[in-house]
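J.: Got a structure for you, questions after.
The values are calculated or read from the model by the stated rules, or taken from the named source; none is laboratory data. What you see is a predicted model; the values in this text were computed from it and never measured. Positions of Cβ are backbone-derived with ideal geometry, glycine not excepted, and every protein chain shown enters the neighbour counts. Quick note on the areas: whole protein, heavy atoms, side chains included, nothing else; ligands and nucleic acids left out. Shrake-Rupley method; radii C 1.70, N 1.55, O 1.52, S 1.80 Å.
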Amino acid sequence: GALLTDHDWVRYAATLLADIKDESDEHPVPARRVIDRNAGKDETIAHREGHYLDIDATLERLITAARKGDSTVEVASLEWRPAATRENVARTDVGTVISSFETRFGGAPGRNANVTRGATLLDGLVLMPGESVSFNDTVGPRTLENGFFLAPEIYKGEIREGVGGGACQVASTLHAAAFFGGLEVTDRINHSRPSAYIRPGLDATVSFPVLDLRIKNPFDFPVVVSARADKGVLRFELYGKEQRAEVTLATETKGILKYSRKLEKARLPDGEFRIKQRGKRGMSLRKIKTTKVLATGEVKVEETTDTYPPTQEIYLVAPGVTPDALPPLDENGAGAT
């Protein structure tokens, strides 16, 4: 083949180093502060440093080695320390419960195990001043390999079996604790239907890696997350130096959204039909968040809207069954689809 020019060679080397960097870089693991005041526990878990390949510096070494005719080059690697080091976390003031929130869970064993697993992965998390945290990055993929189990979950408006069902309750409970603690919620999406375990407007849906919950610490001191799932109660507590704000939430239903009906062909005896999923009305929810800054008395009011789409009614029908053969939709429904 054609000889590479110096420019081509450098570009080729940079591409190879980028591939090596993707495989070799190791993210640091922040320190944690695990607090359980009922058990008299307050433990700091050490951080682990990471490292990353410095492409520019390594490329300079490659060029120098090529000019000298050297056959080996030592890559330039730099240490990568987390903001939440063991030293920083150990001296964090956790004298105040900034906020707390709890929800109740129960049902399928897999779902209960997933709620507990999610809480365990978040317990002890430390948000340094100005730092943001991603639920998906922290909890990781909801897979069997990551300790999650099969459980009912909502997928495209329908209940089905999936790995990780129950993770949304963990996200929702964390979201509520952060909301009332005055932290910034920078990324949050409500469910496709209201949840039984939390009031509308406070839920948060997550799905790895697309739908995420992101929370930012706006304070000048660290915030420590404590999470417990025990005897059907999931509880989050946020610890820090002091409570900076009082937050309240008022909600108002702006409108009701009617559901429709869907027919799915199924192997049933002639003329028979069977309900697969009951329809539920959706709604448009007006939310009024009031934040009072305790130091100044300043009050800030924010208004947003959450929309919960209706849950479609689904009937399994034998071939030849028409919509007219089914019971009429009640006043909450709409036309068939």
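J.: Please give the per residue volume of the convex hull enclosing the alpha carbon atoms of the stretch 83-168, rounded to a whole number of Å³. Present the calculation step by step, with values, prior to reporting the outcome.
T.: Values: hull volume 11.7 nm³, N = 86.
Dividing the Cα hull volume of the stretch 83-168 by its residues yields 136 Å³.
J.: Can you give the relative contact order of the stretch 139-212 as a percent, counting alpha carbon pairs under 8 Å and 6+ residues apart? Please report the intermediate quantities before stating the final value.
T.: Working: 95 pairs, mean separation 20.2, N = 74.
Once normalised by length, the contact order is 27 percent.
J.: Quick one: how many Å² of R160 are accessible to a 1.4 Å probe, rounded to 10?
T.: 100
J.: Whole-Hz ³J(HN,Hα) for each residue in the stretch 251-265, computed from phi via Karplus 6.51 cos²θ - 1.76 cosθ + 1.60 with θ = phi - 60°, x for glycine and proline: what do you get?
T.: With the stated coefficients, the stretch 251-265 comes to 10, 8, 6, 8, x, 9, 10, 6, 9, 10, 10, 10, 9, 10, 5 Hz.
J.: Beta carbons within 10 angstrom, averaged per residue: use that to sort the peptides 138-148, 235-245, highest first. Each step should come with its number before you reach the end.
T.: Values: 138-148: 16.1, 235-245: 19.8.
Packing proxy ranking, top to bottom: 235-245, 138-148.
J.: Another question, if that's okay. Mean 1/r over all different Cα pairs, inverted: what Kirkwood radius does the stretch 185-336 give, in Å? Mind dumping the intermediate values first?
T.: Numbers: mean 1/r = 0.0516 Å⁻¹.
Evaluated on the stretch 185-336, it is 19.4 Å.
J.: Explain nothing, just compute: Karplus ³J(HN,Hα) = 6.51 cos²θ - 1.76 cosθ + 1.60, θ = phi - 60°, for every residue of the stretch 314-320 in order, whole Hz, x for Gly and Pro.
T.: Values, residue by residue: 10, 10, 8, 10, 6, x, x Hz.
J.: Residues of the stretch 214-238 with amide nitrogen under 19 Å from the 7 Å Cα-to-Cβ point of E43?
T.: Correct set: 224-230, 237.
J.: A 19 angstrom limit on the alpha carbon distance is what I want to check against. Which of K258/K289; K241/K287; K254/K292; K254/K289 exceed it?
T.: The answer is K258/K289; K241/K287; K254/K292.
J.: What whole-number volume per residue, in cubic angstrom, does the convex hull of the C-alpha atoms of the stretch 106-211 give?
T.: Per residue, the Cα convex hull of the stretch 106-211 comes to 103 Å³.
J.: In Å, what Rg and Dmax follow from the Cα atoms of the chain?
T.: 26.3, 86
J.: Apply the Karplus curve 6.51 cos²θ - 1.76 cosθ + 1.60, θ = phi - 60°, to the phi angles in the stretch 222-231 and return the couplings in whole Hz, x for Gly and Pro.
T.: x, 10, 9, 9, 10, 10, 9, 10, 8, 6
J.: Given a cut-off of under 8 Å on Cα pairs at least six residues apart, what relative contact order in percent is computed for the stretch 241-325? Each step should come with its number before you reach the end.
T.: Values: 194 pairs, mean separation 35.9, N = 85.
Dividing the mean separation by the residue count of the stretch 241-325 yields 42 percent.
J.: If you wrap a convex hull around the C-alpha atoms of the stretch 94-134 and split its volume per residue, what is the figure in Å³?
T.: About 100 Å³ per residue, rounded to a whole number.
J.: With just the Cα atoms of the stretch 251-335, tell me how far they stretch along each of the three principal axes, in Å, largest first.
T.: 72, 22, 11
J.: Obtain the radius of gyration and the Kirkwood radius of the stretch 1-114 from its C-alpha atoms and give Rg over Rh.
T.: A ratio of 1.27.
J.: So for the stretch 199-278, considering every pair of alpha-carbon atoms, how many percent are separated by more than 20 Å?
T.: 68
J.: Oh, and also: Defining a contact as two alpha carbons under 8 Å apart and six or more residues distant in sequence, what relative contact order in percent does the chain show?
T.: With pairs under 8 Å counted, the relative contact order is 16 percent.
J.: Taking amide H atoms as placed 1.01 Å from N in the peptide plane, list the residues 5 or more away in sequence, or in a different chain, whose amide H sits under 5 Å from that of A84.
T.: A31
J.: Which value, in Å² and to the nearest 10, is the accessible area of V163 when all protein chains are kept and the probe is 1.4 Å?
T.: 50
J.: Report, in whole Å, the centroid distance computed from the Cα atoms of the stretch 265-337 and the stretch 185-230.
T.: 22
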